[in-house]
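What follows is a short report on a single structure.
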Amino acid sequence: MYEMPSDLQYKDELRKEEIRIENELEMLEKKEYAQLEKKLKRDLERIRESLQD
């Protein structure tokens, strides 16, 4: 059975997401497009692998 995350867990995940988005925006501002693309592809691959489990 699926358990809902606690408020603390949820907020922790949101903070991680906030940091990730801030970092990606910073990469865009610095025109680090190739580096950002590589990071996003890596993240997407990791997520897809996790969904296969």
**Complete:** With DSSP loop assignment and no more than 11 other C-beta atoms within 10 Å, the trypsin sites (Lys or Arg not before Pro) in the range 17-51 are K30, K31
**Asked** If the chain between E45 and K30 were fully stretched, how many nm would it gain, using 0.36 nm times the residue separation less the Cα-Cα distance?
**Response** 3.0 nm
**Request:** Work out from phi, with θ = phi - 60° and the Karplus expression 6.51 cos²θ - 1.76 cosθ + 1.60, the ³J(HN,Hα) of each residue of the range 36-53, listed in order in whole Hz, and give x for Gly and Pro.
**Result:** 5, 4, 4, 4, 5, 5, 5, 4, 4, 4, 4, 5, 4, 5, 5, 6, 6, 5
**Item:** Crossing angle, helix 7-29 versus the chain [Cα axis fit, 0-90 degrees, rounded to tens]
**Value:** 10 degrees
**Asked** Toward the positive end of the charge dipole of the chain, about the Cα centre and with charges on Cβ (Lys, Arg +1; Asp, Glu -1), which of P5, L28, L51 goes farthest?
**Response** L28
**Item:** Average accessible surface area per residue within the chain, 1.4 Å rolling probe, Å²
**Value:** 102 Å²
**Message:** Given a 1.4 angstrom probe, I'd like the percentage of the accessible area of the chain that is carbon and sulfur, rounded to a whole number.
**Reply:** 54 percent
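The values are calculated or read from the model by the stated rules, or taken from the named source; none is laboratory data. Since the model is a prediction, treat every value here as computed from it, not as a measurement. Here the Cβ is made from the backbone with ideal geometry for all residues, glycine too, and neighbour counts use every protein chain on show. When the accessible area is computed, the model is the full protein with side chains, heavy atoms only, and any ligands, DNA or RNA have been set aside. Shrake-Rupley method; radii C 1.70, N 1.55, O 1.52, S 1.80 Å.
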